[in-house]
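Working notes, structure below.
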Amino acid sequence: MAQDDCLFCQIVAGEAPATIVDSDEATVAFMDINPATRGHTLVVPRAHYADLAEIPDDELATCVQAARRLAERAVERLEADGVNLLNAQGRAAWQTVFHFHFHVIPRYEGDPLRLPWTPGPGDPDEIAGAAARLRDE
Ligand code: AMP
Ligand code: ZN
């Protein structure tokens, strides 16, 4: 199931270097080499799925559990004040490695990390229109 040219498959297989911090039967977690904050890790399934659209529900659930484990450790052991879980699906969403992964980003009061939008009031009609499209039929 590994994809030869996939960096994260190579990390899972032990063929590319990584600082692994956690693993179980279905997932591996390792340090991000370009950390957004101290303790930034990535959780990946051992099997190769390109993105959120491809990963099966049960594997996704296992990745969520692994991500929560890492989030708990960030709070307990790194004294993080909070944690952001992030997934990028597709180039437009800044996905650069096409092997599904969760970013587990510890947050610290006053840290300089800013998500790239400034929350402000939305247009009520636009919100309602998007909601109508997102609701189950
Ligand atoms: P994304 O943009 O969501 O696809 O995230 C890919 C992440 O992988 C980025 O945050 C990179 O810093 C990280 N990354 C790329 N190569 C490596 C590597 N060899 N070891 C650890 N993290 C990596
Ligand atoms: Zn892969």
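Could you give log10 I(q)/I(0) at q = 0.12, 0.16, 0.21 Å⁻¹ for the stretch 7-134, computed by the Debye formula over C-alpha point scatterers of equal weight, without solvent? Calculated log10 I(q)/I(0) at the listed q: -0.52, -0.86, -1.23. The C-alpha atoms of the chain define a longest principal axis, and helix 124-134 lies at about 50 degrees to it. Taking θ as phi - 60° and the Karplus parameters 6.51, -1.76 and 1.60, the scalar couplings of the stretch 79-89 work out to 6, 5, 8, x, 9, 9, 9, 9, 10, 10, 10 Hz in sequence order, x denoting glycine and proline. Put a dot 7 Å past each Cα toward the Cβ at Asp81 and Leu115; how far apart are the dots in nm? The answer from the label model is 1.7 nm.
Per-residue Karplus couplings for the stretch 6-16, computed as 6.51 cos²θ - 1.76 cosθ + 1.60 with θ equal to phi - 60°, are listed in order as 9, 4, 6, 4, 5, 5, 4, 7, x, 9, 10 Hz, Gly and Pro entered as x.
Read-outs: derived from the displayed coordinates by stated rules, not from any lab. Note that the coordinates shown come from a computational prediction; the quantities given were computed from them, not determined experimentally. Quick reminder, even Gly has a Cβ in these numbers, built from the backbone with ideal geometry, and neighbours come from all protein chains shown.
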